[in-house]
1. Calculated from DSSP H runs of 4 or more alone, at -39500 (n - 2.57) each and per residue, what is the 222 nm mean residue ellipticity of the chain, nearest 500?
2. Using +1 at the C-beta of Lys and Arg and -1 at the C-beta of Asp and Glu, which of Ala100, Gly140, Gly56 has the Cα lying farthest in the positive direction of the dipole of the chain?
3. Using every alpha carbon pair in the range 117-242, what percent of pairs falls into each 5 Å bin from 0 up to the bin containing the largest distance?
4. Relative to the Cα centre, what is the charge dipole magnitude of the chain, using +1 at the beta carbon of each Lys and Arg, -1 at the beta carbon of each Asp and Glu, and rounding to the nearest 20 debye?
5. Under the classification rounded if a/c is under 1.5, otherwise prolate if a/b is larger than b/c and oblate if not, where does the range 72-179 fall, given a ≥ b ≥ c as square roots of the Cα gyration tensor eigenvalues?
6. Computed over the Cα atoms of the range 14-147, what is the ratio Rg over Rh, Rh following Kirkwood?
7. Over the range 1-47, how many percent of alpha carbon pairs lie in each 5 Å bin up to the one with the longest distance?
8. From the backbone phi of the range 26-36, what are the Karplus-calculated ³J(HN,Hα) couplings (6.51 cos²θ - 1.76 cosθ + 1.60, θ = phi - 60°) in whole Hz, Gly and Pro given as x?
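Please treat every number below as a calculation from the coordinates, not as lab data. Note that the structure is a prediction, hence the values are computed from the model and not measured. All Cβ positions, even for glycine, are placed from backbone atoms using ideal geometry, and neighbour counts span all protein chains on display.
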Amino acid sequence: MIELIDVHKSFGEQHVLRGMSFTLEQGQTLVVLGRSGTGKSVTLKHVVGLLQPDSGQVIVNGVDVASADAEGLREIRRQVAYLFQTGALVNWLSVRDNVALPLVERRDMPSEEIRERVDESLGSLDMLQHADKMPANISGGMRKRAALARVLVQEPDAILYDEPTAGLDPIMGRTVGRLIQEVQSSGERAAIVVTHDMDLAFQVGTEIALHYEGQLVERAPPEVFEQSSHPVIREFLRTRERPGKASP
Ligand SMILES: Nc1ncnc2c1ncn2[C@@H]1O[C@H](COP(=O)(O)OP(=O)(O)OP(=O)(O)O)[C@@H](O)[C@H]1O
Ligand SMILES: [Mg+2]
């Protein structure tokens, strides 16, 4: 349902994506690892049309993102939800109204049903008791959970998670991991999870890949990826094996 074909993207002198190609099907959860600044967020932004490739193609559900008009882009963003690295809540709306926003914007859902779905989504993230607070008055981790609730409430075909556990305490990180697993368990959704969190990578990934020199390399199921001899992958794997950080 998502396909990148030989995508190149430069910012000035900096050649960030260098022939990026991959496909993602329903039911797959692709974890993307990579050093900071390699272009992981840039890749996700191409999928939802926030950035355009210099060359190559991005196809979502059969539609070339570059050729989509405003309505086409809206449709793509309905199908593919993007959980921003920074959360990106609207400051002047309460948590509850933030989560409701994508449903309200659709204009075709009765307010009763919106309320129900929003509360269910907030409840699943243990955020119901903070629903009436403003984003400025909750912690960073809570903002992250509110942003995740806003993504889940849209029931999209695919979800792009950019660092979903960054800034969360380890317990909440595990909860978010379980939630991603639960969202994926229907087998009907696709997901890309960009993360530096190796526990999360192995918890949710049906496949793991490394973002390296502008491409995805060494893509494989977790048990195969673990055996890779790629030096950067070995480095990432060591952060998982570090004593004292063992899983409970
Ligand atoms: N709109 C932009 N204009 C200019 N340069 C950009 C733009 N967006 C990203 N870049 C540059 O592209 C490179 C890749 O950025 P990106 O945000 O994708 O990194 P990342 O892999 O997500 O890193 P991190 O793990 O730190 O989030 C960076 O050097 C960044 O400065
Ligand atoms: Mg990033």
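1. Details: 9 runs with 94 residues, N = 248.
Helix contribution divided over all residues of the chain: -11500 deg cm²/dmol.
2. Selected residue: Gly140.
3. Result, from short to long distances: 2, 10, 19, 21, 18, 13, 9, 5, 3, 0 percent.
4. Values: 27 positive and 35 negative charges, 158 e Å.
In total the dipole reaches around 760 debye.
5. Details: a/c = 1.63, a/b = 1.23, b/c = 1.32.
In terms of gyration-tensor shape, oblate.
6. Working: Rg = 17.2 Å, Rh = 17.1 Å.
Taking Rg over the Kirkwood Rh, I get 1.01.
7. Values per bin, smallest distances first: 5, 17, 30, 28, 13, 5, 2, 0.
8. Calculated HN-Hα couplings, in order: 3, x, 8, 10, 9, 8, 10, 9, x, 4, 4 Hz.
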